[in-house]
Structures are given as C-alpha cells and as structure tokens.
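What follows is a short report on a single structure.
The values are calculated or read from the model by the stated rules, or taken from the named source; none is laboratory data. The shown structure was predicted, so the numbers you read here are calculated from the model rather than taken from an experiment. Cβ placement follows ideal geometry from the backbone for every residue including glycine, while neighbour counts extend to all protein chains displayed. In case anyone asks, the SASA skips ligands and DNA or RNA and just uses the protein heavy atoms, side chains included. Shrake-Rupley method; radii C 1.70, N 1.55, O 1.52, S 1.80 Å.
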Amino acid sequence: MLRAMNSLEFIANQYTHYQLLGIDFFESVQWLEQLTYEEIKEFSKTWITEQQLSTCFVTNE
C-alpha cells in the first residue's frame, strides 16, 4: 500500500519519528536542500562499504 507523502497520517508518523531522534521534521527539508553533491559523495564513502553492495543482472535468455 502506497502512502501519500502529504497525508496527515504520514506527516504525523514522520513528525513523531523525527522528534524521537531529536530532529525537527519541518526543518529537515531545508537541511536536505542545502546538502551539496560533494557532501553526499563524501558521506557515502564512509557509509556504504563494498561488503554491503550486491549486483543483480536481468537478462533475456
């Protein structure tokens, strides 16, 4: 079942989740918009390791 991101239930659930993490849900969008490509690329170097990657091939045989 797809949840509409602008539904009241979705917003309430996310707001509660972020509050428990000490993050203001309504300020998170502004924070995300300020991220640069270089910051994301640098973060991914330490967050994603080769052991966590998988490859899936879809072929037409």
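Loop-resident trypsin sites (Lys or Arg not before Pro) (DSSP state other than H, G, I, E or B) in the chain with no more than 12 further Cβ atoms inside 10 Å of their Cβ: R3. Accessible area per residue for the range 1-53, computed on protein heavy atoms with a 1.4 Å probe, is 100 Å². Accessible surface of the chain, 1.4 Å probe: 58 percent of it comes from carbon and sulfur atoms.
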